[in-house]
Amino acid sequence: MPEKSVVDQHLESEYQHGFVTHVAQDVLSKGLDESVVRWISKEKNEPEFLLKYRLNAFEYWKSLQPPNWAKLKINEIDFQAISYYAAPKGKPTYNSLSEVDPELLRTYERLGIPLHEQKKLAGVAVDAVFDSVSVATTYKETLKKHGVIFCSFSEAAVKYPELVKKYLGRVVPYRDNFFAALNSAVFSDGSFVYIPKGVRCPMELSTYFRINSMHTGQFERTLIIAEPGSYVSYLEGCTAPMRDENQLHAAVVELVAHEHATIKYATVQNWYPGDKEGKGGIYNFVTKRGRCEGRSAKITWTQVETGSAITWKYPSVILKGDDSVGEFYSVAVTKNHQQADTGSKMIHIGKNTRSMIVSKGISAGVSSNSYRGQVVVRQTAKGARNYTQCDSLLVGSNCHANTYPYIDVKQRNSQVEHEATTAKIDEQQLFYCMQRGLTEEEALPLIVNGFCREVFEKLPMEFAAEVKQLMELTLENSIG
Amino acid sequence: MLSIKKLSVSVEDKEIIRDLSFNLAPGTVCALMGPNGSGKSTLANALAGHPDYKLSGSVVFDRKNLLEMAINERALEGLFLAFQSPVAIPGVNNLVFLQTLYNNLRKHRNQEPLDATDFIQYVNQCAKQVGLDASFWSRGVNDDFSGGEKKRNDLLQMLLMDPKLMVLDEIDSGLDVDALKKVATIVNQMRKEGKSFILITHYQRLLDYIRPDEIHVMSKGRIVSSGDYSLVSKIEKEGYGWLETVS
Ligand SMILES: Nc1ncnc2c1ncn2[C@@H]1O[C@H](COP(=O)(O)OP(=O)(O)O)[C@@H](O)[C@H]1O
Ligand SMILES: [Mg+2]
């Protein structure tokens, strides 16, 4: 193979969603102190308990230092140089799509998420979050008929304060970690989902996060509650413009699944990853956790992570109910100078709880891709079982893949299995495909998609084609 | 169809094939024989453009300079290699793979792609000729296929690609008698249509079904003996010991 093969060119593929939308914006001036926290809460007309919650979190956050245990190469974040709120000018909430700035609607259409009544995606309800606020939610009426609540978090705080009060911070307390505390103080918007008892949500729910403003952080807060015997499948997607600066996205997502309820949560994360030299890109520091509260509850996390300069996230499940099930299926692709430190935590508390972790890491360029996972089996978790499988695929020879499994078992009558493999992209497979007429650029995504099949199969069907295409774009010019 | 002149092939400064020359006319079949390690598979892979090998000399394929063509271009222009041991690609659905390479070829030939329904019909038809059926469509490419099934899957790809020149590397290893007869039927039909073949084999049995026009015997990277079918029975009887005296 020639020294500088197609792989190198692959690395040069451009980020597809790097444009900026020009709408009038209200942006809070940079800096963070108590008045900012109060201002955000007031802007959103929040009930008193929520302001208190924010202030407590802020007090606690001030006592903390940023963590560095994940060994990420990271530019120090100046938390006073960030604006904590940005929103398109005008009404903070929209009652109908006709009130939404057409420029915003065009933005989402360009991103492949039409919000218009006539054009909206069939079978998928979408909540669109632009910087700090939700601009539109589709199919609200249809969902209402089934008793399903799907709205922005801000709207829920005003309309359903009892539910928010009951569940906020139950799964991820603000004391959990540095970024969770920060998020709890300044969170802007995100989605709220409530599925009543015995209801199978009639359509896929989806939130689309978009960072647009400069120097702003996005502090997404999402809460999903599935009452006994209910079912919901939820997907989030994310993009941002190309910028030289590093922008912060620090989300907290909490899921609660009661007895016999199932929550499927899928993420397609395609934040701007920075340029070839590693300049700019999103810092994606996320705390995602679900709690299987009742017997036979089930939570499945599926993630496809292709974007961000740095990703730091470990979607986890607390398996409290007996016979409950936690699953984590992950594909993380890094290229150029991207760093991903991602994995899952499964905390077994209830009897006969089961968990499954399947992680596929693909590294190209000079990127670094780590799996970090923890399996805890408490003494109460008799008959608990975990199976973990981590496979790493290296494209080129300057990238790194690491696996850090932590296992903590306090119950003898349990079973924890861990398997890990690391392999280079198979030259024989590439040659085989090319002998059949495919170029290297065509063969690589085909093979990588095959490597990821177990994970992609878990994604909602509506998004399968999109993800395949995203992989092709991501892997463009990345053979080495 | 193919004209090889003074071809040398080396890998990391080690010469595996030296000064090899032969011609192959349209509609003819030649058999390439020789002891293990004599360079037969290396020749096959080098012709297909395997990146491990450095080549010198000249190879003209269908009036084009083969050595200047990209790997996939050689394939699209009609050079097909059925591998000695086809690699598995787990996770890549076999049917999707077959359809991808088939429609990619159609694109190259300025033809409309076949949609899923039409393709399934077509692939099932081809599969019959090589003794495969729809139970192989939902599996990964060659994934957990038996040796013989992998060979059949390669032959199926050959039928789909409808090439001009086919190199079958030990196609007879792992195939049962019924499958061998199927291969013979296909090869004999295609040679009538003007297609050419290089059959790499150790055994007379395959050559009893497909009478080659010419036999080349390789040893230590060279062709040391060429002739007609009578060479085959000599090898079958005496093995390759006599090569020592020839070379
Ligand atoms: N990629 C390679 N690297 C090193 N040695 C090779 C490579 N390919 C082939 N060889 C060597 O070249 C010789 C010929 O191999 P091969 O062509 O497979 O023989 P045959 O197919 O005739 O049995 C063997 O000694 C083999 O080990
Ligand atoms: Mg061989």
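Among (1) modelled with pLDDT of 90 or more; (2) open to solvent by 20 Å² or more (accessible area, probe 1.4 Å), there is one condition residue A:54 misses while meeting the rest; what is its number?
Among (1) modelled with pLDDT of 90 or more; (2) open to solvent by 20 Å² or more (accessible area, probe 1.4 Å), residue A:54 violates only (2).
Go through the residues of the range A:452-460 one by one and say whether even a single one is more than 23 Å from the chain's Cα centre (by Cα) and modelled with pLDDT of 85 or more.
Checked the range A:452-460: no residue is more than 23 Å from the chain's Cα centre (by Cα) and modelled with pLDDT of 85 or more.
Is it the case, given these coordinates, that residue B:52 is among the acidic types (Asp, Glu), away from every other protein chain (no Cβ under 14 Å) and open to solvent by 10 Å² or more (accessible area, probe 1.4 Å)?
Considered against the rule, which asks whether it is among the acidic types (Asp, Glu), away from every other protein chain (no Cβ under 14 Å) and open to solvent by 10 Å² or more (accessible area, probe 1.4 Å), residue B:52 comes out as no.
It is to be established whether one or more residues within the range B:138-146 are in a helix (DSSP H, G or I) and either among the acidic types (Asp, Glu) or open to solvent by less than 30 Å² (accessible area, probe 1.4 Å) (or both).
No: the range B:138-146 contains no residue that is in a helix (DSSP H, G or I) and either among the acidic types (Asp, Glu) or open to solvent by less than 30 Å² (accessible area, probe 1.4 Å) (or both).
Taking the condition of being in a strand (DSSP E or B) and surrounded by fewer than 21 Cβ atoms within 10 Å (Cβ to Cβ), how many residues in the range B:159-191 meet it?
Here the count works out to 0.
Quick test of your reading of the structure: residue A:291 fulfils all but one of (1) farther than 22 Å from residue A:381 by Cα; (2) open to solvent by 20 Å² or more (accessible area, probe 1.4 Å); (3) assigned to a strand (DSSP E or B); (4) of a type in the set (Lys, Arg). Name the failing condition by number.
(1)
For residue A:193, state whether it is over 18 Å from residue A:51 (Cβ atoms), open to solvent by less than 10 Å² (accessible area, probe 1.4 Å) and either touching a helix residue (DSSP H, G or I) at 6+ places or on another chain (Cβ under 6 Å) or part of a helix (DSSP H, G or I) (or both).
Against the criterion (over 18 Å from residue A:51 (Cβ atoms), open to solvent by less than 10 Å² (accessible area, probe 1.4 Å) and either touching a helix residue (DSSP H, G or I) at 6+ places or on another chain (Cβ under 6 Å) or part of a helix (DSSP H, G or I) (or both)), residue A:193 does not qualify.
If you scan the range A:207-266, which residues turn out to be modelled with pLDDT under 75, open to solvent by 10 Å² or more (accessible area, probe 1.4 Å) and within 22 Å of residue A:329 (Cβ to Cβ)?
Of everything in the range A:207-266, nothing turns out to be modelled with pLDDT under 75, open to solvent by 10 Å² or more (accessible area, probe 1.4 Å) and within 22 Å of residue A:329 (Cβ to Cβ).
Please verify whether the range A:360-371 includes one or more residues that are open to solvent by 10 Å² or more (accessible area, probe 1.4 Å), among the hydrophobic types (A, V, I, L, M, F, W, C) and at pLDDT 95 or above.
no
Could you please tell me which pairs satisfy a Cβ distance under 7 Å, a separation of 6+ or placement on different chains, a first residue in the range B:72-87 that is more than 8 Å from chain A (Cβ to nearest Cβ), and a second residue that is part of a strand (DSSP E or B) and of a type in the set (Lys, Arg)?
That search, which allows pairs on different chains as well, returns B:77/B:64.
Name the single residue that is nearest to the other protein chains (Cβ to nearest Cβ) among those in the range B:20-49 being open to solvent by 30 Å² or more (accessible area, probe 1.4 Å), within 16 Å of ligand 2 (Cβ to nearest atom) and not polar (S, T, N, Q).
Among them, the one singled out is B:37.
Looking only at residues in the range B:17-35 that are more than 9 Å from ligand 1 (Cβ to nearest atom) and outside any strand (DSSP E or B), which one is farthest from residue B:188 (Cα to Cα)?
The extreme case among them is B:25.
Collect the residues in the range B:166-176 that are away from ligand 2 (no atom under 12 Å from the Cβ) and more than 13 Å from chain A (Cβ to nearest Cβ), keeping them in residue-number order.
Residues satisfying the conditions are B:172, B:174, B:175, B:176.
Just one of A:59, A:76, A:46 is loosely packed, with under 13 Cβ neighbours inside 10 Å and acidic (Asp, Glu); which is it?
On the way: A:59 fails: loosely packed, with under 13 Cβ neighbours inside 10 Å; A:46 fails: loosely packed, with under 13 Cβ neighbours inside 10 Å.
It is A:76.
Could you tell me which of the residues B:65, B:93, B:104 is modelled with pLDDT under 95 and away from ligand 2 (no atom under 16 Å from the Cβ)?
Only one candidate passes the filter, namely B:93.
Taking the range A:402-457, which residues are away from chain B (no Cβ under 14 Å), open to solvent by 70 Å² or more (accessible area, probe 1.4 Å) and part of a loop (DSSP other than H, G, I, E, B)?
Within the range A:402-457, A:410, A:412, A:413 qualify.
Name the residue, out of B:14, B:40, B:54, that is farther than 25 Å from residue B:212 by Cβ and near ligand 1 (Cβ under 8 Å from one of its atoms).
So the residue among B:14, B:40, B:54 that is farther than 25 Å from residue B:212 by Cβ and near ligand 1 (Cβ under 8 Å from one of its atoms) is B:14.
Within the range B:138-157, work out how many residues are farther than 26 Å from residue B:190 by Cα and within 11 Å of chain A (Cβ to nearest Cβ).
Residues meeting the conditions: 2.
The values are calculated or read from the model by the stated rules, or taken from the named source; none is laboratory data. The model shown is predicted, which means the values in this text are computed figures rather than measured ones. All Cβ positions, glycine included, derive from the backbone under ideal geometry; neighbour counts span all protein chains shown. Just so you know, the surface numbers come from the protein's heavy atoms only, side chains and all, with ligands and any DNA or RNA stripped out. Shrake-Rupley method; radii C 1.70, N 1.55, O 1.52, S 1.80 Å.
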